[in-house]
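Asker: Please read through the structure below; I'll follow up with questions.
The values are calculated or read from the model by the stated rules, or taken from the named source; none is laboratory data. Note that the structure is predicted; figures quoted are calculated from it, not measured. Cβ sites come from the backbone with ideal geometry, for glycine too, and all protein chains shown count toward neighbours.
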Amino acid sequence: MAVNLKGRNFVSFKDFSTEEVWQSIKTAEELKLAHYRGDDRPLLAGKTLAMVFQKPSLRTRVSFESGMSRLGGHAIYLSPNDIKLGQRETTEDIAIVLSRYVDIIMARVFGHDIVVDLAKYSGCPVINGLSDLEHPCQVMADLLTIYEKKRRLEGINFVYIGDGNNMAHSLMYGGALTGMNVTICGPEGYEPNSDVLEESRKFAAQTGAKIEATSDLSQAASDADVIYTDVWASMGQEDEAAARKKIFMPYQVNANVMKLAKNDATVLHCLPAHYGEEIDYDTTRLPNSAVFDQAENRLHAQNAIMVLLAGKQ
Ligand code: CP
Ligand code: NVA
């Protein structure tokens, strides 16, 4: 059954239901195939996307901008220096004014409350391009990638090794909504947010997924279908990088960890990677590594989300 997502926001991964997540994945597959056939359709013709950034980006900025241009729309990049979000005028006024000019706002911010406020006051859909709490667009691309590799999500043993950060949170919601078992494994003191854990377990109760948080790496990684990691110090935590490196080193994803997982375990990393820290270079180049498919899938997953929220179908 198709569901109508017109006018909706995508601020948290849990903004979408199981059905809406699947509709996004299926739409992304269609758009990806159409692109490979050389048949991109102008589903966002005449539409403008504002891209507001408080933090740096390669994938998010370029995939959204390229996605808009492939689907016939236009994207405006607003660097941290352009809008000076939080410094020059209120988030409320920014949301009201921007949404008088554009059809979609995508924002990469520090505090999650900023993207929540943008959505509250905007007259057009708002997409979270990463906040300190979540990275939902990355997880839509990740689910698409896992589905491409394994042809299912339900029952997949997904193991995230590292910091209980924005990636971990959106992955927990994503797994819970699609029936994928998610284990977040990292050092004590760096567990995921307990509210996100509790809430994702409530969603998981509907789909049969198991959502766990543990510091026991060998137990977590054994029988994994997917091994995922992310940087130990996220954007905004640069001052903690040296201290975190010492604490997280036992949790590096490398050949020893891959030996614990299933033979055909897929390796994922949202990138950018810090080789020699959370993952070694060789592991990202294994035949079962899908880190660059995952990066490409940002484009297709986000195109699907933009088309569903604001495009022609
Ligand atoms: N994965 C990701 O969001 O990459 P960027 O920070 O380069 O956008
Ligand atoms: N956790 C990382 C993700 C980068 C895509 C960060 O927030 O910097």
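Asker: For region 286-313, enumerate the residues that are touching a Leu at 6+ places or on another chain (Cβ under 7 Å), crowded, with 24+ Cβ neighbours inside 10 Å and within 11 Å of A141 (Cα to Cα).
Answerer: Listed by number, the residues that qualify are Q294, N297, H300, A301, N303, A304.
Asker: Also, I was wondering about something else. Limited to region 53-91, what total is found for residues that are away from ligand 2 (no atom under 16 Å from the Cβ) and in contact (Cβ under 8 Å) with a residue 12 or more places away in the chain?
Answerer: 18
Asker: Suppose we filter L144, L133 for residues that are within 16 Å of the chain's Cα centre (by Cα), more than 13 Å from ligand 1 (Cβ to nearest atom) and assigned to a loop (DSSP other than H, G, I, E, B); which single one remains?
Answerer: Testing whether each residue is within 16 Å of the chain's Cα centre (by Cα), more than 13 Å from ligand 1 (Cβ to nearest atom) and assigned to a loop (DSSP other than H, G, I, E, B) leaves just L133.
Asker: Return yes when E198 is out of contact with any Ser or Thr (no Cβ under 7 Å at 6 or more places or on another chain) and either part of a helix (DSSP H, G or I) or crowded, with 24+ Cβ neighbours inside 10 Å (or both) and no when it is not.
Answerer: Considered against the rule, which asks whether it is out of contact with any Ser or Thr (no Cβ under 7 Å at 6 or more places or on another chain) and either part of a helix (DSSP H, G or I) or crowded, with 24+ Cβ neighbours inside 10 Å (or both), E198 comes out as yes.
Asker: Let me ask something else. Take the residues in region 18-43 that are under 22 Å from the mean Cα position of the chain (by Cα) and hydrophobic (A, V, I, L, M, F, W, C); name whichever of them is farthest from ligand 2 (Cβ to nearest atom).
Answerer: Checked region 18-43; the qualifying residue farthest from ligand 2 (Cβ to nearest atom) is L33.
Asker: Can I ask one more? Count, please, the residues in region 156-179 that happen to be closer than 21 Å to V257 by Cα and more than 16 Å from ligand 2 (Cβ to nearest atom).
Answerer: Qualifying residue count, region 156-179: 4.
Asker: Only one of (1) within 16 Å of ligand 1 (Cβ to nearest atom); (2) surrounded by fewer than 15 Cβ atoms within 10 Å (Cβ to Cβ); (3) among the small types (G, A, S) fails for S69. Which number is that?
Answerer: All conditions pass for S69, except number (1).
Asker: Report yes if some residue within region 254-265 is in a strand (DSSP E or B), touching a residue at least 12 places away in the same chain (Cβ under 8 Å) and either in contact with a helix residue (DSSP H, G or I) (Cβ under 8 Å, 6 or more places away or on another chain) or more than 14 Å from ligand 1 (Cβ to nearest atom) (or both); otherwise report no.
Answerer: no
Asker: What residue, of I25, I105, I94, is away from ligand 1 (no atom under 16 Å from the Cβ), β-branched (V, I, T) and not in a helix (DSSP H, G or I)?
Answerer: I105 is the lone residue from the list that is away from ligand 1 (no atom under 16 Å from the Cβ), β-branched (V, I, T) and not in a helix (DSSP H, G or I).
Asker: Kindly evaluate I227 against the criterion of being within 17 Å of the chain's Cα centre (by Cα) and either surrounded by fewer than 21 Cβ atoms within 10 Å (Cβ to Cβ) or aliphatic (A, V, I, L, M) (or both).
Answerer: For I227, the condition - within 17 Å of the chain's Cα centre (by Cα) and either surrounded by fewer than 21 Cβ atoms within 10 Å (Cβ to Cβ) or aliphatic (A, V, I, L, M) (or both) - is met.
For (1) modelled with pLDDT of 95 or more; (2) touching a Phe, Trp or Tyr at 6+ places or on another chain (Cβ under 8 Å); (3) closer than 15 Å to V139 by Cβ; (4) buried (at least 19 other Cβ atoms within 10 Å of the Cβ), each residue gets a yes or a no:
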position: M172; (1), (2), (3), (4): yes, no, yes, yes
position: G208; (1), (2), (3), (4): yes, no, no, no
position: A220; (1), (2), (3), (4): yes, no, no, yes
position: N254; (1), (2), (3), (4): yes, no, no, no
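Asker: Related question: Sort through L130, L118 and tell me the only one that's within 16 Å of ligand 2 (Cβ to nearest atom) and crowded, with 24+ Cβ neighbours inside 10 Å.
Answerer: Step by step, each of L130, L118 is checked, and only L130 is within 16 Å of ligand 2 (Cβ to nearest atom) and crowded, with 24+ Cβ neighbours inside 10 Å.
Asker: Follow-up question, since we're still on this one. Would you please name the residue that is surrounded by the most Cβ atoms within 10 Å (Cβ to Cβ), looking only at residues in region 47-61 that are within 16 Å of ligand 1 (Cβ to nearest atom) and β-branched (V, I, T)?
Answerer: The qualifying residue surrounded by the most Cβ atoms within 10 Å (Cβ to Cβ) is V52.
Asker: Taking interchain pairs and intrachain pairs at least six residues apart, which have beta carbon atoms under 9 angstrom, with the first residue in region 20-31 and of a type in the set (V, I, T) and the second surrounded by fewer than 19 Cβ atoms within 10 Å (Cβ to Cβ)?
Answerer: Note: pairs meeting the criteria are T27/Q313.
Asker: Same structure again: Within 16 Å of ligand 1 (Cβ to nearest atom) and either surrounded by fewer than 24 Cβ atoms within 10 Å (Cβ to Cβ) or within 13 Å of T214 (Cα to Cα) (or both): which single residue out of A204, A168 fits that description?
Answerer: None of the others qualify; the one that does is A168.
Asker: Now, a different point. Looking at (1) surrounded by 22 or more Cβ atoms within 10 Å (Cβ to Cβ); (2) at pLDDT below 95, which one does L44 not meet, given that it meets all the others?
Answerer: (2)
Asker: Every residue in region 130-170 that is touching a Pro at 6+ places or on another chain (Cβ under 9 Å) and β-branched (V, I, T), please.
Answerer: none
Asker: Look through G86, G72, G46, G67 and report the one residue that is in a loop (DSSP other than H, G, I, E, B), within 19 Å of H300 (Cβ to Cβ) and not polar (S, T, N, Q).
Answerer: Of G86, G72, G46, G67, the one residue that is in a loop (DSSP other than H, G, I, E, B), within 19 Å of H300 (Cβ to Cβ) and not polar (S, T, N, Q) is G72.
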